[in-house]
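Notes for the one structure printed next.
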Amino acid sequence: MDRRRFLLALTTAPLASIPFVPFVAHAQTKGRTMKDIDALQKNWKTFLPAGATVPTAAEPLKLSKDEWKKRLPPQSYNVLRDEGTERAGSSPLNDEKRAGIYACAGCGLPVFTSEMKFESGTGWPSFFTTIPGAFEQKKDFYLVFPRTEYHCKRCGGHHGHVFDDGPPPTNQRWCNNGVSLKFIPKDGTA
Ligand SMILES: [Zn+2]
């Protein structure tokens, strides 16, 4: 494939790996070590509102197609159950900066904390690590190059793709559809 066709493939791709601006992310996560990342992963529950109860991946949620259709708004159904992709820049969660938890919109499993989020410039909510055990991964070949798709460990819902061009020290970029997420602010407001 020549360069022009490759670029064309990128621009028409549903979830193109639009290059993000590394220095933006680096500025936000400057000085973090893997020890800090471990701490972020271990302390994720401190981002929950007081007294909140959340499900765990040990209690799987399995529903029929019809049950999912009833439970989810059409856009969330399309992404979570049919591996669709929302339009870049369309999610209000791109601008969400409050402290809290990002849970799966399908089943409520906590998947990220606000401290794991960074501005990637791609138009999709992006994270440099996850709550441990939240996701399972598989390779897909939908585009011209293999990508790693990830889905919720509890309900199997599709969330996005993980790339290796994220900020150090993890160098991970979890590019997540906003409609697959539900934000739970730590202060308990809606
Ligand atoms: Zn889920």
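Here are some notes:
- Members of region 94-105 found to be under 12 Å from the mean Cα position of the chain (by Cα) and away from the ligand (no atom under 16 Å from the Cβ), listed by number: ASN94
- For region 65-74, the criterion of a residue being closer than 19 Å to THR130 by Cβ and either away from the ligand (no atom under 16 Å from the Cβ) or surrounded by 15 or more Cβ atoms within 10 Å (Cβ to Cβ) (or both) is satisfied by no position.
- Every residue from region 106-124 that is in a loop (DSSP other than H, G, I, E, B) and within 16 Å of the ligand (Cβ to nearest atom): GLY106, CYS107, GLY108, LEU109
- Verdict on VAL162 being among the aliphatic types (A, V, I, L, M), surrounded by 24 or more Cβ atoms within 10 Å (Cβ to Cβ) and at pLDDT 95 or above: no
- Total residues in region 125-180, condition more than 16 Å from the ligand (Cβ to nearest atom) and part of a loop (DSSP other than H, G, I, E, B): 17
- Subset of region 107-131 (residues that are touching a residue at least 60 places away in the same chain (Cβ under 8 Å), more than 13 Å from the chain's Cα centre (by Cα) and closer than 16 Å to CYS155 by Cα): GLY108
The values are calculated or read from the model by the stated rules, or taken from the named source; none is laboratory data. None of these values were measured; they are calculated from a predicted model. We place every Cβ from the backbone using ideal geometry, glycine too, and count neighbours over all the protein chains shown.
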